[in-house]
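Shown next, in C-alpha cells, is the structure this report addresses.
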Amino acid sequence: MDIRVGLILRDIGITSRYSGYRYLLDAVLLAVENKEGLEHITKDIYPELAKQHHASVWMIETDIRKVIENCWKKTRPERLEKYFDEKAYDKRPTNTEFIGRLADYLSTDSN
C-alpha cells in the first residue's frame, strides 16, 4: 500500500525531496487503516507520526501543510482532479481534507 501512496504523491508532484513527504505518506496510510482518526487528526494521527518519526506534533503538521501548499501551487489542475474533486484546485484543502481524500481514493480504488 505504501508504494501506491508514493506513486500517487509523485503523480501530483510531491516527492521525497520535501521534508513533509514521509509524514504525508504515513498519514495517508494511517487514515486508510483508521478513518475515524481523521476526525481527531491532532489527537490521533499526528501524535502517532511524531512517535514514529521522533519529531514534534507541530513539526509534523507544519511539514505536511507546507508540502500540500507547494503541491497546490505547482501541480496542474488536471492532475489534482484525478484524485480530488472536479474543482479541487480552486481552494487548497486543509491537511485533514487532503489526507482524507487520498485515503478515500485508495479505499475505493482498491475495491
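Please report, largest first and rounded to whole Å, the three semi-axes of the ellipsoid equivalent to segment 1-41, where each semi-axis is the square root of five times an eigenvalue of the C-alpha gyration tensor. The partial results should precede the final answer.
Working: eigenvalues 76, 25, 11 Å².
So the equivalent ellipsoid measures 19, 11, 7 Å along its semi-axes.
Expressed as a rounded percentage, what relative contact order does the chain have, with Cα pairs under 8 Å and six or more residues apart?
Details: 105 pairs, mean separation 34.1, N = 111.
Computed over the chain, the figure is 31 percent.
The calculated P(r) of segment 2-109, using every Cα pair and 5 Å bins from 0, goes 2, 13, 26, 27, 20, 9, 2, 0 in percent. Computed extension gain for S107 through E36, at 0.36 nm per residue and net of the alpha carbon distance, reaches 24.2 nm. Spin-label model, T75 to R17: label points 7 Å out along the Cα-to-beta-carbon direction sit 1.7 nm apart.
Bear in mind these aren't lab numbers, they're just calculated from the coordinates by the rules spelled out. Owing to the predicted nature of the structure, the values given are computational and were not obtained by experimental measurement. Backbone-built Cβ (ideal geometry, glycine too); neighbour counts: all protein chains shown.
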